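Asks: Sending over a structure as structure tokens; questions will come in a sec.
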Amino acid sequence: MSRSSNPYQDDRGNKDRSITREGKGEVDSTRKSGSTRPAPGGPFLAAENMTGGYGAADILHDCTLTVEQGQIAVIVGPNGAGKSTAMKAVFGMLNLRGGHVKLDGEDISELTPQDRVARGMGFVPQTHNVFPSMSVEENLEMGAFIRTDDFKGTMEQVYDLFPILKEKRRQPAGELSGGQRQQVAVGRALMTRPKLLMLDEPTAGVSPIVMDELFDRIIEVARTGISILMVEQNARQALEIADRGYVLVQGANRYTDTGEALLADPEVRRTFLGG
Amino acid sequence: MDLLNAIVALLNFVVIPATAYGAQLALGALGVTLIYGILRFSNFAHGDTMAFGTAMVILFTWLFQSMGIHLGPLPTALLALPFGIAATAALVLGTDRAVYRFYRKQKAAPVILVIVSMGVMFVMNGVTRFIIGVGEIRFDDGARFVINAGEFKKSTGLAEGLAFRSTQALTIVTAILVVAALFWFLNRTRTGKSMRAYSDNEDLALLSGISPEKVVAVTWTISAALAVIAGTLYGLDKSFKAFNYFQLLLPIFASAIVGGLGSPLGAIAGGFVVAFSEVSITYAWKKVATYVLPESLAPDGLMQLLSTDYKFAVSFAILIIVLLFKPTGLFKGKSV
Ligand SMILES: Nc1ncnc2c1ncn2[C@@H]1O[C@H](COP(=O)(O)OP(=O)(O)OP(=O)(O)O)[C@@H](O)[C@H]1O
Ligand SMILES: [Mg+2]
């Protein structure tokens, strides 16, 4: 926690495991939601002019991301460009100094992440995206935590989408392979039946075959009308399925176009797609 | 050689007392391990939470006794228990609101929370003594024995008596019920699962719509309930003295760490490991040995490894050994 300037987070190197436990969350859980305002018109998700970061220094500079209903938007960019930070900003896990987030005609900039989930957003973080000691089925149940209706049907849909999960449903998620774990993570986020699904590098650390599989599943999900905002390291494959592509560099939009156009742009090809 | 008398002596002086004590430690360690697993720090105020809770139970017991309410063969304290739990939960939740919440908001490093809990410990310590005093209080009533030593001797004709006090029986039965309820709660209910989810991954729990503040509140409440139950059972079995509960902190932490911090199963196993070690190391084995060994080998001394005054040294030694050789504990706790 040395990154922070907050003295309460400075443990002076004392990390005695017999009295303390690692793995605290980053999000302030004591915060309360502000109000929402109607903001009709515009795309389904419009996160515009986002500026902010984790501490004093800004990571995002006037960053804008939009997704139309039922479409796939893909964010690519070099390591450390702020792609994950932008996703967290859209989800309300970051204190923004500027900009706003609008979802389905409503300004939700003041909402906590929990309340954004209730409004139909689902998020699969880049790392730590499953509950490792809980079984696959329990992971999915936790995904459906906010639902008061019967979610058995949704669980069956997730099992249809990822049949391997049904086989492993009694196994702790922490014991699964990387690809299976990513499927649990996506499945967990789908359990709320989100209108917008945000995926941060869903294919990180999986084999090329599993990657193609996952992309197919993601397209399948988008076909059901769910909008998708996705960060991808495998830029070429991702832009191929993208309706809209964003190239992010140092926390700012560098190129924005349809996936197809970005793939065709020689400048983008040369600098970001390796020729 | 007299095996039967040896077994009875062993049961009477080691097995039964250690089982009851182990159950008390296990309940205490469960509270510690829950806080560690979910709030991620060792709560040094747990011993004094037990003391405060037991003090509340005693006050309610006196109130009921003065009103002439009794539970027949069972101690009146059992009736006072829910009230003691409510009062303690209120205190603990108030403390969370006034103290811990601030540090949670700051995302304070866990080791800072440990120190904060020490501050809370001193305050609770003072509050408890202020309310109920520093002296020793006995508050058990109802039937004294399930098995009476004198009657046991008469009916069996053995030289050794076997006493099974009702507070010991009560301790064991209550512990089994409480542990079963806790495991059912953690593994089967929605709230229990959300607590495990939060323990696994705070941010993901939040992203799943689980309210962290609710998880924290439920965790404090359960740990307070466990503390009051453990404290009351201990007080019924031995006697109540505020300072004793502060001292209990060491065997309780030893239990939780032996079992593996963060593992509820481990806390229970650890409680019995510590209790049996403590009792068997401080017990004078002369009597049992005399029954078992042939006369020529009869021991001269007491055969007591350590005087009971040093019983806490046993917990301390176990703690050190575990931390040196198996720091994750018997049941592989969370990243110790
Ligand atoms: N929790 C944090 N606290 C402080 N700074 C952070 C934190 N997380 C990331 N950063 C910093 O923010 C910048 C952008 O990081 P981010 O993780 O958003 O990049 P990214 O584009 O997702 O990279 P990658 O491709 O490696 O996932 C980096 O300089 C990083 O060091
Ligand atoms: Mg990233």
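The values are calculated or read from the model by the stated rules, or taken from the named source; none is laboratory data. Remember, it's a predicted structure, so these values are computed and weren't measured experimentally. Cβ placement follows ideal geometry from the backbone for every residue including glycine, while neighbour counts extend to all protein chains displayed.
Asks: As an exercise: evaluate A:SER84 against (1) within 16 Å of ligand 1 (Cβ to nearest atom); (2) hydroxyl-bearing (Ser, Thr, Tyr); (3) in contact with a Ser or Thr (Cβ under 8 Å, 6 or more places away or on another chain) and give the number of the one condition it does not meet.
Replies: (3)
Asks: Just for the range A:194-225: of the residues that are crowded, with 17+ Cβ neighbours inside 10 Å and assigned to a loop (DSSP other than H, G, I, E, B), which one is farthest from ligand 1 (Cβ to nearest atom)?
Replies: For the range A:194-225, the residue satisfying everything is A:LYS195.
Asks: Does the range A:52-67 contain any residue that is of a type outside the set (Ser, Thr, Tyr), away from ligand 1 (no atom under 16 Å from the Cβ), modelled with pLDDT under 95 and closer than 30 Å to A:GLN180 by Cβ?
Replies: no
Asks: Residue check, A:ARG97 against (1) assigned by TED's automatic domain parsing to the domain that holds A:THR258; (2) loosely packed, with under 15 Cβ neighbours inside 10 Å; (3) under 19 Å from the mean Cα position of the chain (by Cα), all met but one. Which one?
Replies: Answer for A:ARG97: the failing condition is (3).
Listed here are the residues, each with its yes/no results for (1) under 13 Å from A:ALA73 (Cα atoms); (2) within 16 Å of ligand 2 (Cβ to nearest atom); (3) not assigned by TED's automatic domain parsing to the domain that holds A:ASN79.
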site: A:LEU199; (1), (2), (3): yes, yes, no
site: A:ILE209; (1), (2), (3): no, no, no
site: A:GLU240; (1), (2), (3): yes, no, no
site: A:GLY245; (1), (2), (3): yes, no, no
site: A:ASN253; (1), (2), (3): no, no, no
site: A:GLY259; (1), (2), (3): yes, no, no
site: A:LEU263; (1), (2), (3): no, no, no
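Asks: Among what's in the range B:273-313 and is farther than 19 Å from B:VAL8 by Cβ and of a type in the set (D, E, K, R), pick the residue that is farthest from the chain's Cα centre (by Cα).
Replies: B:GLU295
Asks: All but one of (1) modelled with pLDDT of 95 or more; (2) more than 14 Å from chain A (Cβ to nearest Cβ); (3) surrounded by fewer than 20 Cβ atoms within 10 Å (Cβ to Cβ) hold for B:GLY84; which doesn't?
Replies: B:GLY84 satisfies every listed condition except (3).
Asks: Can you tell which of B:ARG104, B:ARG129 is within 25 Å of B:PHE253 (Cα to Cα), assigned to a helix (DSSP H, G or I), within 14 Å of chain A (Cβ to nearest Cβ) and touching a residue at least 12 places away in the same chain (Cβ under 8 Å)?
Replies: Just a single option satisfies the conditions, and that option is B:ARG104.
Asks: Do we find that B:TYR283 is farther than 22 Å from B:TYR36 by Cβ, buried (at least 21 other Cβ atoms within 10 Å of the Cβ), in contact (Cβ under 8 Å) with a residue 40 or more places away in the chain and hydroxyl-bearing (Ser, Thr, Tyr) in this structure?
Replies: Against the criterion (farther than 22 Å from B:TYR36 by Cβ, buried (at least 21 other Cβ atoms within 10 Å of the Cβ), in contact (Cβ under 8 Å) with a residue 40 or more places away in the chain and hydroxyl-bearing (Ser, Thr, Tyr)), B:TYR283 qualifies.
Asks: Since B:ALA9 meets every condition but one in (1) in a helix (DSSP H, G or I); (2) in contact with a helix residue (DSSP H, G or I) (Cβ under 8 Å, 6 or more places away or on another chain); (3) at pLDDT 95 or above, which condition does it not meet?
Replies: Only one criterion in (1) in a helix (DSSP H, G or I); (2) in contact with a helix residue (DSSP H, G or I) (Cβ under 8 Å, 6 or more places away or on another chain); (3) at pLDDT 95 or above is unmet by B:ALA9, namely (3).
Asks: Right, something else. Just to be sure I understand, how many residues within the range A:225-237 are more than 15 Å from the chain's Cα centre (by Cα) and within 14 Å of ligand 2 (Cβ to nearest atom)? Please lay out each step first, then the result.
Replies: Applying the first criterion (more than 15 Å from the chain's Cα centre (by Cα)) to the range A:225-237 yields A:225, A:234-237.
Filter again for within 14 Å of ligand 2 (Cβ to nearest atom), leaving A:234-235.
Matching residues across the range A:225-237 total 2.
Asks: Follow-up question, since we're still on this one. Quick one: what pairs do we get from the range A:84-95, first residue more than 13 Å from chain B (Cβ to nearest Cβ), second more than 9 Å from ligand 2 (Cβ to nearest atom) and among the β-branched types (Val, Ile, Thr), C-beta under 6 Å, 6+ apart or different chains?
Replies: Close Cβ pairs satisfying both conditions: A:THR85/A:ILE59.
Asks: So A:PRO43 clears everything in (1) crowded, with 16+ Cβ neighbours inside 10 Å; (2) more than 21 Å from A:GLN114 (Cβ to Cβ); (3) at the interface with another protein chain (Cβ under 10 Å from one of its Cβ atoms) except one condition, right? Which one?
Replies: So A:PRO43 meets the others, but not (3).
Asks: So, of the residues in the range B:209-232 that are in a helix (DSSP H, G or I) and farther than 15 Å from B:HIS46 by Cβ, which turns out to be nearest to the other protein chains (Cβ to nearest Cβ)? Let's see the steps before the verdict.
Replies: Restricting attention to the range B:209-232, the residues satisfying the condition of being in a helix (DSSP H, G or I) are B:212-232.
Then drop every residue that is not farther than 15 Å from B:HIS46 by Cβ, which leaves B:212-218.
On the way: B:PRO212: 3, B:GLU213: 6, B:LYS214: 10, B:VAL215: 9, B:VAL216: 8, B:ALA217: 12, B:VAL218: 14 Å.
For the range B:209-232, the residue satisfying everything is B:PRO212.
Asks: Restricting to the range A:69-122, give me the number of residues that are assigned to a helix (DSSP H, G or I) and either farther than 22 Å from A:PHE215 by Cβ or away from ligand 2 (no atom under 16 Å from the Cβ) (or both).
Replies: Looking only at that region, the number is 9.
Asks: Please go through (1) more than 16 Å from ligand 1 (Cβ to nearest atom); (2) closer than 30 Å to A:ARG254 by Cα; (3) modelled with pLDDT under 95 for A:ILE72 and return the number of the only condition it doesn't satisfy.
Replies: So A:ILE72 meets the others, but not (3).
Asks: Looking at the range B:182-233, which of its residues are among the basic types (Lys, Arg) and in contact with a His (Cβ under 9 Å, 6 or more places away or on another chain)? Explain how you work it out, then say what you get.
Replies: The initial filter retains those residues of the range B:182-233 that are among the basic types (Lys, Arg), namely B:188, B:190, B:193, B:196, B:214.
Matches in the range B:182-233: none.
Asks: Follow-up question, since we're still on this one. Scan (1) over 18 Å from A:LEU197 (Cβ atoms); (2) more than 13 Å from ligand 1 (Cβ to nearest atom); (3) not hydrophobic (A, V, I, L, M, F, W, C) for the single condition A:GLN114 breaks and write down its number.
Replies: It is condition (1) that A:GLN114 fails.
Asks: Would you confirm, using the coordinates I've provided, whether A:SER35 is in contact (Cβ under 8 Å) with a residue 12 or more places away in the chain and either outside the structural domain of A:MET198 (by TED's automatic domain parsing) or more than 30 Å from A:THR271 (Cα to Cα) (or both)?
Replies: Criteria met by A:SER35.
Asks: Also, I was wondering about something else. Could you run through the range A:117-137 and say how many residues are away from ligand 1 (no atom under 16 Å from the Cβ) and under 14 Å from the mean Cα position of the chain (by Cα)?
Replies: Within the range A:117-137, the subset away from ligand 1 (no atom under 16 Å from the Cβ) is A:117-122, A:130-137.
From what's left, under 14 Å from the mean Cα position of the chain (by Cα): A:117, A:120-122, A:130.
Number of matching residues: 5.
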